[in-house]
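Every number here is computed from the coordinates shown, using simple stated rules; none is lab data. These numbers come from a predicted model, not from an experiment. Positions of Cβ are generated from backbone atoms using ideal geometry, with glycine treated the same way; all protein chains shown enter the neighbour counts.
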Amino acid sequence: MSPPNPTPAPAEPPLVPAAPVPPPLAETGDATGGVIPYKNPRALAAYYTGVFSVIPCIGFLLGCIAVPLGVSGLRQRAQRPIIRGAVHAWVGIVLGSLSILAHLAVAAILLFADRSHR
């Protein structure tokens, strides 16, 4: 009987340092450079309705739409800080509120001016 042929132990692979894992990429804007908050449509809608609320006659309605949209856009921004649009939401809230107040003031002036002539 011949002794069994010893087989050499398999060689361990050489230790190779692992490549560093890059940090996750932050969400960036598109061609606009992140100026337009396309990921926060409520803030964007609040901005546009707030800006267009300065138009007489339809401004009161647009102002009433801009304020809750702006608040909703701010809440959405608070839930997901990576999305932008806080400034657009605030512009919508402020312009919408000013438009509502201005339209109510003009309506009150016209109402009281009409009563004083009677």
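The table that follows gives values for the structure above.
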quantity	calculated
The range 41-116, Cα convex hull volume normalised per residue, Å³	58
Packing rank of 66-72, 43-49, where each peptide gets the mean count of other beta carbons within 10 Å, highest leading	43-49, 66-72
